[in-house]
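One structure below.
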Amino acid sequence: MNLHIRLEAAKNALNTLIKQPVATLMTVLALAIVLALPVGLFAALNNLQQLLGHWRDQAQISLFLHQGASAAEVQNLQALLERSTGVVSVRYVGKEAALTEFEHHAGMTAAIQTLGENPLPASFVVELNPLAQSPSALQTLVASWGQQPGVASAQSDLRWVARLQAILALGKRAVWILAGLLAVGAILVMGNTIRLHISQRRDEIDVASLVGATRAFIRRPFLYQGLFQGAVAGMIAWIIVAITVTVLQGPVERLAELYGTRFHLLGLNSGQGLILVAASALLGWLGSRLAVGRHLDHTFS
Amino acid sequence: MIEFINVTKHYPGRHHVLREVNLHLHKGEMALLTGPSGAGKSTLLKLLLRLEDVSRGTLMVNGIDVSTLGRRHIPAYRRRIGVVFQDHKLLMDRDVFSNVALTLQVGGLTGRQIQSRVRAALEKVGLGDRAQDLPAVLSGGEQQRVGIARAIVHTPEILLADEPTGNLDNSLSTEILDLFRDFHHHGATVLVATHDQSQVNRLGLPVFHLEQGRLHTPEEDKA
């Protein structure tokens, strides 16, 4: 296929869009809003995951050691913990340190002193990223640590991790369904727009067909129209999400401060933005293809 | 060469538009197709353009069996034919140049080739200075000449015309039909459907006469 034919079709498509600025703008804005909704929700989910990442210290596992655990066992265990998947940090709490911590937190200095000797075992405090593995994998991991030489018991509460992951999975699934429905909506919007363009240019299509235009020749300008409008709609959707993130940034930061933490909302990065533009262009192209295909089936039948 | 062999065309639930038509037009020949309204002239041309399918029989054009031509091959086949309509079928929102250029764009020519060929075609039909005008500002005769320029710009092997002088007065009809004859002199096979008896008499060309879907050939007329 000659490049100049494609360029001519692209020029033709651009001219058609520019000649009808209001109609083009309305179509592009409608598409952009349709796209901005699921993309905004994806961004919200990403931010939620980021936020939960900040709370990873809540997924804390305590491995209590036998009173007689040897130094080698302790060292081997520490090495094993540090190279395990999802482990953010490993902290060794010796018997004395445990006692000091206990006294400090529980205010039971007098009671401990009556025992005569320190009853608290040494332990490892392991911080896990709750989202690094599935809940069952985390359970298995913690159970295997409990079987290691020198470990007396492992204490963990991973049920909240399971709940968290289930909520996130539900959110993701809901966003995908919404995105799928809205993608169909975007295709229909574009298909309807192109159908109108086709009816406006019916005479041209009929004459072109009479003088020997192929389906591809007739179809091409409409496909470019869909592609261009889809791409522009994707860019506008990207801008809408960026503006929304900017507007929410201040209130979110103030809310985070009230919880004694810092949080910065994330929009789409350039890679995600480009994927959005490409996907949107593809949806525009698909909508056009469906509309023009149906028309050409009629013209060429 | 155009060859209709026992060609019949009928529409479901309707009468036969063409019955057992046999027509032979040799390469480089020019002939007229006459007959009253509804005789089947336009249908015969539509079959030639493959706008309609043959119901029965065989239609050969320059060695191509048009009656069985696959849909994929129809555009390429049509690009070998030029066609002129009574209602011109011009695009009213495009200037004269763009109307004529459409045939060449469809054929995949470059901008430079299109420029020179369209200019030459417009010169040929006497509209060299009207390239930038919109069809709406042209007279009926000028619009028809734009239609002819569009039909001949790619120098087709065959030129078909369906009542090209239907809306024109006698002197304009003479001009238009003389353009077809000029093109025929350059080697094209030309078939013109007309009901203008004065032009038929003036041109003295072979005549195929259609009457109620049946064709009367020049040979039959001589007999």
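What follows is calculated from the coordinates using simple rules that are stated; it is not laboratory data. Since the structure is predicted, the reported quantities are computational estimates derived from the model, not experimental observations. Quick reminder, even Gly has a Cβ in these numbers, built from the backbone with ideal geometry, and neighbours come from all protein chains shown.
Quick look at the values:
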item: Cα gyration tensor category, rounded, prolate or oblate, for region A:60-157 with a/c compared to 1.5; result: prolate
item: Calculated log₁₀ intensity ratio I(q)/I(0) where the Debye formula runs over C-alpha points of chain A, q = 0.13 Å⁻¹; result: -0.96
item: Among A:61, B:2, A:99 - extreme Cα towards positive end, dipole of the protein assembly as shown, charges at beta-carbon; result: B:2
item: Residue order, fewest to most surrounding Cβ atoms within 10 angstrom, among A:236, B:148; result: A:236, B:148
item: Where the Cα pairs of the protein assembly as shown fall when distances are cut into 10 Å bins, in %; result: 3, 14, 17, 14, 11, 9, 8, 7, 6, 5, 4, 2, 1, 0, 0
item: Estimated FRET transfer efficiency (residue B:26, residue A:2; beta-carbon r; R0 51 Å; 0.05); result: 0.90
item: Charge dipole (debye, nearest 20) of region B:90-155; +1 at Cβ of Lys and Arg, -1 at Cβ of Asp and Glu; result: 240
item: Globularity ratio of region B:1-106, using Cα Rg and 2.2 N^0.38 Å; result: 1.18
item: Residue B:139-residue A:78 FRET efficiency (beta carbon distance; Förster radius 60 Å; 0.05 resolution); result: 0.05
item: Radius ratio Rg over Rh of chain B, counting only Cα atoms, Kirkwood formula for Rh; result: 0.96
item: Estimated [θ] at 222 nm from DSSP helical runs (n ≥ 4, -39500 (n - 2.57)) normalised by residues in chain B, nearest 500; result: -10500 deg cm²/dmol
item: Estimated D of region B:129-170 in µm² per second, where Rh is the Kirkwood radius over Cα pairs and Stokes-Einstein applies at 4 °C, 1.567 mPa s; result: 113
item: About the Cα centre, charge dipole magnitude for the protein assembly as shown (Lys/Arg +1, Asp/Glu -1 at Cβ), debye; result: 580
item: Overall dimensions of region B:90-155 by Cα: Rg and Dmax, Å; result: 10.5, 30
item: Footprinting exposure proxy for B:2, A:194 (fewest neighbouring C-beta atoms within 10 Å first); result: B:2, A:194
item: Selected from A:125, A:39, A:277 as most flexible by GNM, with chain A as the system and alpha-carbon contacts under 10 Å; result: A:125
item: Shielding by partners, peptide B:98-108 (average Cβ within 10 angstrom, other chains); result: 4
item: Additional length obtainable on full extension of the chain from residue A:253 to residue A:96, 0.36 nm per residue less Cα span; result: 52.6 nm
item: Approximate spin-label separation residue A:262-residue B:53, in nm, with each point projected 7 Å along Cα-to-Cβ; result: 7.4
item: CD proxy at 222 nm, helix term only [per DSSP H run n ≥ 4: -39500 (n - 2.57); per residue of chain A; nearest 500]; result: -25500 deg cm²/dmol
item: Ascending count of other beta-carbon atoms within 10 Å, so fewest first, for A:243, A:187; result: A:243, A:187
item: Region B:108-178-region B:1-80 distance, computed between alpha-carbon centres (Å); result: 24
item: Net charge of Cβ neighbours under 14 Å - reference residue A:14; Lys, Arg +1; Asp, Glu -1; result: +3
item: Ratio of the Cα radius of gyration of region A:221-277 to 2.2 N^0.38 Å, where N counts its residues; result: 1.58
item: Formal net charge of residues neighbouring residue A:42 (Cβ-Cβ distance under 14 Å; K, R +1; D, E -1); result: +2
item: Stretch gain in nm, segment residue A:60-residue A:294, where the contour uses 0.36 nm per residue and the Cα spacing is subtracted; result: 78.3 nm
item: Cα lying deepest toward the dipole's positive end in the protein assembly as shown, options B:82, B:131, B:193, charges on Cβ; result: B:193
item: Dipole of chain A [Lys/Arg +1, Asp/Glu -1 at C-beta], most positive-end residue of A:194, A:47, A:147; result: A:194
item: Net charge of Cβ neighbours under 9 Å - reference residue B:192; Lys, Arg +1; Asp, Glu -1; result: -2
item: Mean Cβ count within 10 Å, highest first, over the residues of peptides B:42-48, B:90-96, A:4-10; result: B:42-48, B:90-96, A:4-10
item: Long pairs among A:11/B:46; B:41/B:124; B:9/B:41; B:9/B:89, criterion Cα-Cα beyond 22 Å; result: A:11/B:46; B:41/B:124; B:9/B:89
item: Projected-area mean, region B:59-102, by convex hull of Cα positions, square nanometres; result: 4.3
